[in-house]
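The values are calculated or read from the model by the stated rules, or taken from the named source; none is laboratory data. As the structure is a prediction and not an experimental result, all values here were calculated from the model. All Cβ positions, glycine included, derive from the backbone under ideal geometry; neighbour counts span all protein chains shown.
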């Protein structure tokens with residue numbers, strides 16, 4: 001998978017490395033600021049109230 | 001690693017498939033690790049910002065307030081911030097803005113006040129819930145509280161000093177003369193910890209002014225709840241008399 005992506009990125013090694021970095025950061029940002037905040041409320045250790 | 005050898009390209013697709021599965025598993029592991037980092041550090045960072053915004057708003061609101069001294073009108077509580085909680089045992093700089101309500105909307109910003117429970121200073125039981133892990137982890141170390149430890153609540157015009165129940169002399173949290181323990185671990189369904197008199201009947205008249213904190217237990221789990229009970233020590237202290245707070249604020 002990663003090999004396939006690497007081979008399909010344009011340019012030489014430097015440009016591929018740069019684009020990979022941007023992609024990795026983009027995925028991290030997507031996870032941290034969109035996916036995780038959405039997933040989190042469904043997790044058990046967030047239950048801190050009684051009765052509710 | 002998983003690249004097919006040039007001469008055997010047609011031999012089998014299994015190595016490539018195994019490689020793909022391996023990469024996906026590794027990726028999944030990294031995502032889980034990133035989630036742990038998010039829970040433990042990123043939510044704390046985000047919460048720090050929210051708390052400081054709330055604190056500024058609340059103090060600005062208090063400066064403009066002209067309400068009757070000694071009361072926090074319930075109408076003013078609309079899911080927003082209304083008090084500040086200080087627990088010197090957890091650090092002399094420990095302070096958290098408390099919001100009204102215990103839905104995730106409030107709890108992601110700070111400790112939340114159970115609707116329908118008493119307000120600070122009132123007879124009855126002030127119920128507060130807070131996150132143990134993440135979101136600023138306001139109630140992470142509640143298990144460190146000892147009998148007699150002050151829990152100070154600041155409202156628009158007053159300070160209220162509550163003290164953790166238990167036997168101060170021996171440090172036994174379960175040996176309070178009132179029979180109410182300073183700390184208990186209960187099932188998530190045990191709502192009587194929030195009764196007007198903690199662990200008493202739900203609708204009976206209160207026997208005093210109490211404060212109850214709830215969070216999850218053990219850490220990272222929702223199996224049980226850690227509950228701390230405290231009782232009001234003395235009367236309300238007017239902020240006009242003690243602008244910098246009562247001496248209990250620097251008690252450790």
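Hey, any hits in the stretch B:187-208 for a residue that's under 24 Å from residue B:157 (Cβ atoms) and either surrounded by fewer than 20 Cβ atoms within 10 Å (Cβ to Cβ) or without any contact (Cβ under 8 Å) to a residue 12 or more places away in the chain (or both)? The answer is yes, given that some residue of the stretch B:187-208 is under 24 Å from residue B:157 (Cβ atoms) and either surrounded by fewer than 20 Cβ atoms within 10 Å (Cβ to Cβ) or without any contact (Cβ under 8 Å) to a residue 12 or more places away in the chain (or both). For the stretch B:78-181, the strands (runs of 3 or more DSSP E) that sit wholly inside it and include 1 or more residues that are within 14 Å of chain A (Cβ to nearest Cβ) are B:95-100, B:124-129. For the subset of the stretch B:154-178 comprising residues that are touching a residue at least 40 places away in the same chain (Cβ under 8 Å), in contact with a strand residue (DSSP E or B) (Cβ under 6 Å, 6 or more places away or on another chain) and more than 25 Å from residue B:63 (Cα to Cα), which member is surrounded by the fewest Cβ atoms within 10 Å (Cβ to Cβ)? The residue in question is B:163.
When A:48, A:34 are checked against the criterion of being at the interface with another protein chain (Cβ under 7 Å from one of its Cβ atoms), within 16 Å of residue B:108 (Cα to Cα) and either modelled with pLDDT of 90 or more or touching a strand residue (DSSP E or B) at 6+ places or on another chain (Cβ under 6 Å) (or both), a single residue qualifies: A:48. Among residues of the stretch B:201-219 being in a loop (DSSP other than H, G, I, E, B) and within 10 Å of chain A (Cβ to nearest Cβ), the one that is nearest to residue A:46 (Cα to Cα) is B:219. The lone criterion from (1) surrounded by 13 or more Cβ atoms within 10 Å (Cβ to Cβ); (2) within 14 Å of chain A (Cβ to nearest Cβ); (3) touching a helix residue (DSSP H, G or I) at 6+ places or on another chain (Cβ under 7 Å) left unmet by residue B:249 is number (2). A search for C-beta distances below 9 Å between a residue of the stretch B:21-37 that is free of Cβ contacts under 8 Å to residues at least 40 places away in the same chain and within 11 Å of chain A (Cβ to nearest Cβ) and any residue that is surrounded by fewer than 11 Cβ atoms within 10 Å (Cβ to Cβ) and outside any helix (DSSP H, G or I), counting only pairs 6+ apart in sequence or on different chains, returns B:22/B:1.
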